């Protein structure tokens, strides 16, 4: 084998490796629910995200909050790492226009993000497993 053949072989192996690794970082996000505040100003969206790939596989659920009259991206106000659990029964409800309630079954899960107040909205969490 000469140097050209060896270099070409290495480049092909590198390209195939990079191509194969692209499929290892798949994220699948689905909407669980989306509810508007009673005054129609805000929307709370609960999402389920499954990540894949070497060293970063996981299952997470989050609640995103956005002002309906804004072009800004939604802000995550609650995040739950499901670890090995199968689900959390994540639910969002508005008890009043400025009070969002997030309910979940926390057995086997870890809360990794919780904002208690966001732009005048009080955010309450309720772990129904306790």
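Please list, by residue number, everything in region 78-94 whose backbone N is under 14 Å from a paramagnetic label point 7 Å out along Cα→Cβ of residue 103.
So the set is 88-94.
What is the list of residues in region 60-90 whose amide nitrogen lies under 16 Å from a point 7 angstrom out from the Cα of residue 27, following Cα to Cβ?
Residues 60-65, 73-82 qualify, since their backbone N sits under 16 Å from the label point.
How much length would be gained if the chain were fully extended between residue 111 and residue 129, taking 0.36 nm per residue of separation minus their Cα-Cα distance, in nm to one decimal? Show your work: numbers first, answer last.
On the way: separation 18, 0.36 × 18 = 6.48 nm, distance 1.33 nm.
Value of the extension gain: 5.1 nm.
Label region 25-127 by shape, choosing from rounded, prolate and oblate, from the square roots a ≥ b ≥ c of the eigenvalues of the Cα gyration tensor; if a/c is under 1.5 it is rounded, and otherwise prolate applies when a/b is larger than b/c, oblate when it is not. If you can, show how the numbers build up before the last one.
Values: a/c = 2.31, a/b = 1.60, b/c = 1.45.
Prolate shape, in that a/c is at least 1.5 and a/b is the bigger ratio.
Label-point separation (nm) for residue 49 and residue 96, each offset 7 Å from Cα along Cα-to-Cβ?
If labels sit at residue 49 and residue 96, their model points lie 3.2 nm apart.
Read-outs throughout are calculated quantities, based only on the coordinates presented, and are distinct from any laboratory measurement. Here the structure is a predicted model, which means the values were calculated and not measured. Cβ coordinates were reconstructed from backbone atoms using ideal geometry, including for glycine residues, and neighbour counts include every protein chain displayed.
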